[in-house]
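The values are calculated or read from the model by the stated rules, or taken from the named source; none is laboratory data. What you see is a predicted model, and the numbers here were worked out from it, not measured in a lab. Glycine gets a Cβ as well: all are built from the backbone with ideal geometry, and neighbour counts include every protein chain shown.
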Amino acid sequence: MSGHRPITENSVEKRLEAIMRGDLEERNKLIADYIPFIIKMVSKQLNRYIETENCDEFSIGLIAFDEAIDKYCSSKGVFLKFAELVISNRIKDALRKKNQELREISFEDCSENVLKHLDSVYVRSDEDSISLREEIKQYESELSKFKITLEDLVEETPKHKDTRVNAMILSERISEDKPLVEKIYSKRRLPISQIALKFKTTAKIIKRSRKYIISLVVIFTGGFIQLKYWVRNSIKG
């Protein structure tokens, strides 16, 4: 917890306004500041104190808080009360459907057996929805246009969580820049110097995670709804 700002409902509302204007850094800071709140709400539902390490329920709580940010509007009342309700509902859903608990999954898990399991867990109930298996096939096809395979990602996904998180944040920011995205798709590569200048990072950092960043940009811009949800959950575990 940063401790730099007084955490009051008014300050939360002001921060939410900035987030709604697209401030990703403020979004990440808000989530970090409210980790104790999330732990408290999840613990309340489970009737026991939870740890943050290797805890599926904590991951669900983080995702629920992130969801509350997306869905909140002033008509829903006080944000923290709304967030508490969303967290409570998601934890209850997870407890009722243990076979659908959210799990941290890495690219290394893209084996045939795991895909079969994911297919049964993540397929949406409506008839028009496609399975995660089919989404991965389409994703693999898109990656091939950049001469990237899933095997490449096994080798080149950053090993350290902080590096993966930073790459995801950068990829989301890139994905919101339409001219930049168009350039990436037309050239089939990252304009590294342009990205470094625009987002105040170094070319060295981008080069080190080049294929991983491209893979995330493809997910964020390619309509891969289930993969997008999966990637965010895997980062937050």
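Within the range 44-52, identify whether any single residue is assigned to a helix (DSSP H, G or I) and of a type outside the set (Lys, Arg), and answer yes or no.
Taking every residue of the range 44-52 in turn, at least one turns out to be assigned to a helix (DSSP H, G or I) and of a type outside the set (Lys, Arg).
For (1) out of contact with any Gly (no Cβ under 9 Å at 6 or more places or on another chain); (2) closer than 21 Å to Glu25 by Cβ; (3) at pLDDT 90 or above; (4) assigned to a loop (DSSP other than H, G, I, E, B), each residue gets a yes or a no:
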position	(1), (2), (3), (4)
Lys159	yes, no, no, yes
Arg164	yes, yes, no, no
Met168	yes, yes, no, no
Leu180	yes, yes, yes, no
Lys183	yes, no, yes, no
Arg189	yes, no, yes, yes
Gln194	yes, yes, yes, no
Lys200	yes, yes, no, yes
Ser215	yes, no, yes, no
Report summary line: Pairing a residue in the range 198-216 that is basic (Lys, Arg) with any residue that is surrounded by 13 or more Cβ atoms within 10 Å (Cβ to Cβ) and assigned to a loop (DSSP other than H, G, I, E, B), where Cβ atoms lie under 7 Å and the two sit 6 or more apart in sequence or on different chains, gives Arg210/Leu190; Lys211/Ile148
Requested in this report: Give the residue, chosen from Ile19, Ile60, Ile35, Ile50, that is surrounded by fewer than 16 Cβ atoms within 10 Å (Cβ to Cβ) and without any contact (Cβ under 8 Å) to a residue 60 or more places away in the chain.
Outcome: Ile35
Query raised in the report: Is it fair to say Ser171 is polar (S, T, N, Q) and out of contact with any helix residue (DSSP H, G or I) (no Cβ under 9 Å at 6 or more places or on another chain)?
Result: no
